[in-house]
There are 2 protein chains.
Amino acid sequence: MESSDLMAPVDKPMADREAHAPDAFNHQPKIVLDGEGPLLLDSGVSLAPLTITYQAYGELNAHKSNAILVCHALTGDQYVGGVHPVTGRPGWWDNVVGPGRPLDTDRYFVLCANVLGGCMGSLGPQEGDPKTGKPYALSFPVVTIGDMVRAQARLLDHLGVEQLFCVIGGSMGGMQALEWASRYPERVFSAVPIAAAARHTAQNIAFHEVGRQAIMSDPDWCGGDYLSQGKRPRQGLAVARMAAHITYLSDLAFHRKFGRLLQDSREITYGFDAEFQVESYLRHQGSAFVDRFDANSYLYITRAMDYFDLAAEHDGVLSKSFHDTPVRFCVIAFTSDWLFPTTESQSVVRALNANAANVSFCEIETDKGHDSFLLDEPEFFDVLNGFLRGAAKHRGLI
Amino acid sequence: MESSDLMAPVDKPMADREAHAPDAFNHQPKIVLDGEGPLLLDSGVSLAPLTITYQAYGELNAHKSNAILVCHALTGDQYVGGVHPVTGRPGWWDNVVGPGRPLDTDRYFVLCANVLGGCMGSLGPQEGDPKTGKPYALSFPVVTIGDMVRAQARLLDHLGVEQLFCVIGGSMGGMQALEWASRYPERVFSAVPIAAAARHTAQNIAFHEVGRQAIMSDPDWCGGDYLSQGKRPRQGLAVARMAAHITYLSDLAFHRKFGRLLQDSREITYGFDAEFQVESYLRHQGSAFVDRFDANSYLYITRAMDYFDLAAEHDGVLSKSFHDTPVRFCVIAFTSDWLFPTTESQSVVRALNANAANVSFCEIETDKGHDSFLLDEPEFFDVLNGFLRGAAKHRGLI
């Protein structure tokens, strides 16, 4: 759910990490996809024209069999590697995507598209409504994880990629990976849902609702119409981010990094300034986020996650979502992830086992919480490397 | 941290529970304590006059040896039993305090005072500053758990109670119980800290900071001066409450009660109304809270909890906080409490063991989370009953 640039204070500072210069990749400029006709959404609404922005790294091979689709999380975007054009920092999965890295761009063609409803160029509430010329704002239709995946499928059609070698993602990205494998099993050779779930839990819906209420009760939200009125609900979005950010880490991670340390090692001042380091850190998370994210997009994407319930589309039986699936799965969870706990991944694995599917499951021991998938976790990288190498052999890529 | 009236939808509806009519108790009207000279706070500021409101249930015996001080949690107040004058619902611990209940008012004199900094009559930011005649607002000094306990000690002086038979409380109430036992060991015969900790963790400080930021970014907060300006930061306080409320329950409790059920059993509407029952529930928690609580009090009391660190006053060594303590302890934790997890209670127990103190420790198996201490948990009641009965024998009360 996290953009790696904001994770810096908890783990290795990203600014200290050498970023690949953009030209180290086969860096594609922003590309707009449209003209394939209206996209029919789960809500019944049709959207046209469909604009999807994406980034690509590496080369598509002659058979178009080496494409990996990376699906980003709630506040992520298409800039997985290289330098992010807004923040100037490394892409959110720069430690995973690149030459010699688990998603090896010397071998694979790595794609990542900004999700439908997002705010980095893909069609979303901040884009202009062709009917009015003004930003859609709340007139943008509510989208689902299924809609996001349908839009990505259009992108693959456009690129001529019939089958993905792999679809991979963490958190909401993992939800998309599951949706992909369920909806288009013939188009997915392998799938890696990480720190994910086949449905959003009540507690997670509750946390999202807190964030939405924080945004919508900011007067500068203007009933969603802030862009037209030259305003932005900065305070509300920052509070939403702060609340969410806590859920991305763990009690132990907070303790290890901050404990009860005071900011600037001062004495207690008995006031409401950011007295503890953890407060200062959290305030920074809030304010930095506001500079790069759109509040309405936050509403739409959290809502898409809330609606996600793969079993619901199959009579409430999750195993039916993967009926006779040919996809090879690697399901990954982290021990200290309390937002998408291991039990949720286990439900997915059980549903796959009920289909005698090809699935490996790995729970990585770490105290870094949900956002572990964004951090340097050697065991996690080993699992990714091993699974992708094995799948690549089966696919005839190596 | 929770007022029982708002817990209704998760457990037994409190409205269905027969409340004791006020006259079933030796119900004392609101009493104001003052005129004992300035109270010197941890911050160095002196407060005068000190106004403390409290409720008492049962009769103080001739030896004044049967007094139990109940310490309330963040959003609680002095109305542990009977009918709450603002909400019209049973007091927040009505299931624990009363004739034949664990805190048996036929046997004990049960006291509960609104904490210093609170908003139910005790001196706090919404009370009038005698110097200006206007509400203190942010000119009220920041108080600590230690200050709250000092104020309670004044109340006992006033009542002529030299030693408490027991000091008991959950969450912040448990912090106070620990502070009491540490600061005034000779005045405490027994102590029952429940779902508590000897320090506030970084993650908990983070959650509090989210709530404070939500309040302070509400324009109707007016820099804290909302009472003078005839406003109230309703939205900000509601968001703060919603975020906090999630932390009082557990993932399983949310799942058991709400799952992914839709409000009114309607079809999915693809919108931002309260679509899921859990959203509607949470919004209700927020709005109901605003009707009974003061936003600035919320700032002050959360800050007092953040500052709590019993070991810090003793060279960082928690065991020194209980040096040769004569107090009998019963430390209680709940398995699913992730806000004040069992490990925090265990730290307290270890510190007591290092003093060869008289301590029993009990971890209650429940999936109801932090707020279990407010709910009908038979095993919890059995532990309370057993410990208090045993202590009462030692004290010569039975």
Inset, instruction - Test each condition in (1) closer than 30 Å to B:Asp129 by Cβ; (2) in contact with a strand residue (DSSP E or B) (Cβ under 6 Å, 6 or more places away or on another chain); (3) surrounded by fewer than 24 Cβ atoms within 10 Å (Cβ to Cβ) for B:Gly173 and report the one that comes out false. - result: (3)
Legend entry - All positions within segment B:291-304 that are farther than 23 Å from B:Arg187 by Cβ and of a type in the set (A, V, I, L, M, F, W, C): B:Phe293, B:Ala295, B:Leu299, B:Ile301
Inset, instruction - Out of A:Val359, A:Val349, A:Val383, report the one residue that is under 27 Å from A:His255 (Cβ atoms) and of a type in the set (Val, Ile, Thr). - result: A:Val383
Inset, instruction - Go through B:Gly174, B:Gly170, B:Gly160 for me and flag whichever is more than 14 Å from chain A (Cβ to nearest Cβ) and in contact with a Pro (Cβ under 7 Å, 6 or more places away or on another chain). - result: B:Gly174
Legend entry - Hits in segment B:326-345 (condition: of a type in the set (Phe, Trp, Tyr) and crowded, with 19+ Cβ neighbours inside 10 Å): B:Phe329, B:Phe334, B:Phe340
Inset, instruction - Name every residue in segment A:35-54 that is more than 17 Å from A:Ala304 (Cα to Cα) and at pLDDT 95 or above, in order of residue number. - result: none
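Rundown of residues vs (1) of a type in the set (D, E, K, R); (2) more than 16 Å from B:Leu299 (Cα to Cα), yes/no style:
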{"residue": "B:Pro85", "(1), (2)": "no, yes"}
{"residue": "B:Cys112", "(1), (2)": "no, yes"}
{"residue": "B:Leu116", "(1), (2)": "no, no"}
{"residue": "B:Met120", "(1), (2)": "no, no"}
{"residue": "B:Pro125", "(1), (2)": "no, no"}
{"residue": "B:Gly128", "(1), (2)": "no, yes"}
{"residue": "B:Lys134", "(1), (2)": "yes, yes"}
{"residue": "B:Leu138", "(1), (2)": "no, no"}
{"residue": "B:Asp147", "(1), (2)": "yes, no"}
Legend entry - Scan of segment B:347-374 for residues that are farther than 18 Å from B:Cys71 by Cβ and within 14 Å of chain A (Cβ to nearest Cβ), ordered by number: B:Ser347, B:Asp367, B:Lys368, B:Gly369
Inset, instruction - With the condition kept exactly as written, say whether any residue in segment B:373-391 is under 23 Å from B:Thr201 (Cα atoms) and either touching a residue at least 24 places away in the same chain (Cβ under 8 Å) or surrounded by 15 or more Cβ atoms within 10 Å (Cβ to Cβ) (or both). - result: yes
Inset, instruction - Would you check if there is a residue in segment A:20-30 being at pLDDT 50 or above and either hydroxyl-bearing (Ser, Thr, Tyr) or part of a loop (DSSP other than H, G, I, E, B) (or both)? - result: yes
Legend entry - Odd one out for B:Phe322, checked against (1) closer than 30 Å to A:Gln213 by Cα; (2) in contact with a helix residue (DSSP H, G or I) (Cβ under 6 Å, 6 or more places away or on another chain): (1)
Inset, instruction - Hey, can you tell me all the residues within segment A:314-356 that are in a loop (DSSP other than H, G, I, E, B), under 16 Å from A:Gly174 (Cβ atoms) and without any contact (Cβ under 8 Å) to a residue 60 or more places away in the chain? - result: A:Pro341
Legend entry - Options A:Val86, A:Val80; residue that is part of a loop (DSSP other than H, G, I, E, B) and crowded, with 19+ Cβ neighbours inside 10 Å: A:Val80
Legend entry - Number of the exception - A:His158 against (1) in a strand (DSSP E or B); (2) more than 22 Å from A:Phe308 (Cα to Cα); (3) of a type outside the set (S, T, N, Q): (1)
Inset, instruction - Go through (1) away from chain A (no Cβ under 14 Å); (2) on the phi > 0 side of the Ramachandran plot; (3) surrounded by fewer than 19 Cβ atoms within 10 Å (Cβ to Cβ) and name the single condition B:Glu186 misses. - result: (2)
Inset, instruction - Given the conditions (1) away from chain A (no Cβ under 12 Å); (2) among the charged types (D, E, K, R); (3) surrounded by fewer than 21 Cβ atoms within 10 Å (Cβ to Cβ), report the number of the one that B:Glu179 does not fulfil. - result: (3)
Inset, instruction - Evaluate the following for B:Val359: is it buried (at least 19 other Cβ atoms within 10 Å of the Cβ), in a helix (DSSP H, G or I) and among the hydrophobic types (A, V, I, L, M, F, W, C)? - result: no
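Results for (1) within 25 Å of A:Pro185 (Cβ to Cβ); (2) of a type outside the set (Val, Ile, Thr); (3) modelled with pLDDT under 95, shown as yes or no for each residue.
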{"position": "A:Phe322", "(1), (2), (3)": "yes, yes, no"}
{"position": "A:Ile332", "(1), (2), (3)": "yes, no, no"}
{"position": "A:Leu339", "(1), (2), (3)": "no, yes, no"}
{"position": "A:Ser347", "(1), (2), (3)": "yes, yes, no"}
{"position": "A:Asn355", "(1), (2), (3)": "yes, yes, no"}
{"position": "A:Pro378", "(1), (2), (3)": "no, yes, no"}
{"position": "A:Leu384", "(1), (2), (3)": "yes, yes, no"}
{"position": "A:Ala391", "(1), (2), (3)": "yes, yes, no"}
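The values are calculated or read from the model by the stated rules, or taken from the named source; none is laboratory data. Only a predicted model underlies this, so the values are computations on that prediction, with no experimental measurement involved. In this analysis, Cβ positions are derived from the backbone assuming ideal geometry, glycine residues included, and neighbour counts consider all displayed protein chains.
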